[in-house]
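Here, each number is a calculation from the coordinates, and none is a lab measurement. From a predicted model like this one, the values you see are computed outputs, not experimental measurements. With ideal geometry, Cβ positions are generated from the backbone for all residues, glycine too; neighbour counts draw on all protein chains shown.
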Amino acid sequence: MIFITGDTHGDVDYKKLLALKEKNLSYDDYLIICGDAAICWSCCNLKEFLALYNNIGCTILFVDGNHENFDILEEMPLVEYKSAMMHQIDTHIFHILRGEIMTLEGKTFLCIGGACSIDKMYRKPHLSWWPQEEISHHDVDNAVANLEKVNNKVDYVITHCCDTSTVMKAFGFRRDICTDQLMFIDKLVDYKHWFFGHYHFDRKISEKKTCLYQEIINLNNDI
Ligand SMILES: [Mn+2]
């Protein structure tokens, strides 16, 4: 089974995942977190957070959000897993690199993490804010190159923030460099559904876009 949820923020919004633990899942079941997993947040509590997430009993895959310690993430071993490049955080915990397309149970997922922090002026670089959060042209180029191999068609899109047109029309929030960088998706990609996190609410925006936070979607049943 494949589950998808929004931000978990280390131990802060972790409790919702206990509902999955009760399902007696195996490592052939997958939980996708749409950014701000923050499992890698500080060297001091990395072990503790790994134990928490390992306790769920399924394979965990996440795109990065804006609240991740990118300095720790970048030190993790690079592996190819499920046809995508990932950082392997633990035996069954993976960070999916931006622009990669992973395949789970025959379904393809375009994955692009990253988002701009609106409160970065109050945060300390490399302690509570990381410049690597910003989605770069390189990330978009990697997505475009990988999409070309699949004729620009995937089953699902997984991101942390969403594109500028959604953020402005659906939410009335301000655009930024990261939301601008995601504008290519609706122009280029043929997809069934796009899931994202970041905004801290659960809302189906349209037939094709869903913002997730506390909700855990079962992809096999709910979509
Ligand atoms: Mn968040």
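Numbers at a glance
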item: Inter-label distance for Asn55 and Ser26, nm, one decimal - labels placed 7 Å from Cα along Cα-to-Cβ; result: 2.4
item: Spin-label pair Asp119/Ile205, simplified geometry with 7 Å Cα→Cβ offset, distance in nm; result: 2.2
item: Over 21 Å (Cα to Cα) - which of Lys107/Lys209; Lys124/Lys169; Lys16/Lys124 fall in this group; result: Lys124/Lys169; Lys16/Lys124
item: Helix-only CD estimate at 222 nm, as mean residue ellipticity for the chain, using -39500 (n - 2.57) per DSSP H run (n ≥ 4); result: -5000 deg cm²/dmol
item: Cα-based shape type of the stretch 2-154, given that a ≥ b ≥ c are square roots of the gyration tensor eigenvalues and the cut on a/c is 1.5; result: oblate
item: Residues Leu46, Leu104, sorted so that the one with the fewest Cβ neighbours within 10 Å comes first; result: Leu46, Leu104
item: Net lengthening on full extension, Ser128/Asn221 (0.36 nm per residue, minus Cα-Cα); result: 29.8 nm
item: Met183-Met1 pseudo-label distance in nm [points 7 Å out on the Cα-to-Cβ vector]; result: 4.0
item: Added length on full extension, which subtracts the Cα-Cα distance from 0.36 nm per residue, Met76 to Glu105; result: 7.9 nm
item: Neighbour cut-off at most 15 other Cβ (10 Å), DSSP loop, chymotrypsin sites (Phe, Trp or Tyr not before Pro), the stretch 99-154; result: none
item: Which of Val144, Tyr213, Gly114, positive extreme of dipole for the chain (C-beta unit charges); result: Tyr213
item: Ranked packing of 20-26, 85-91, most packed first, by mean Cβ within 10 Å; result: 85-91, 20-26
item: Stretchable slack from His92 to Leu18, in nm (0.36 nm times residue separation minus alpha-carbon distance); result: 24.9 nm
item: Only Lys, Arg (+1) and Asp, Glu (-1) charged, at Cβ; the stretch 2-222 dipole about Cα centre in debye; result: 540
item: Relative contact order computed over the chain (Cα-Cα under 8 Å; 6+ residues apart), in percent; result: 22
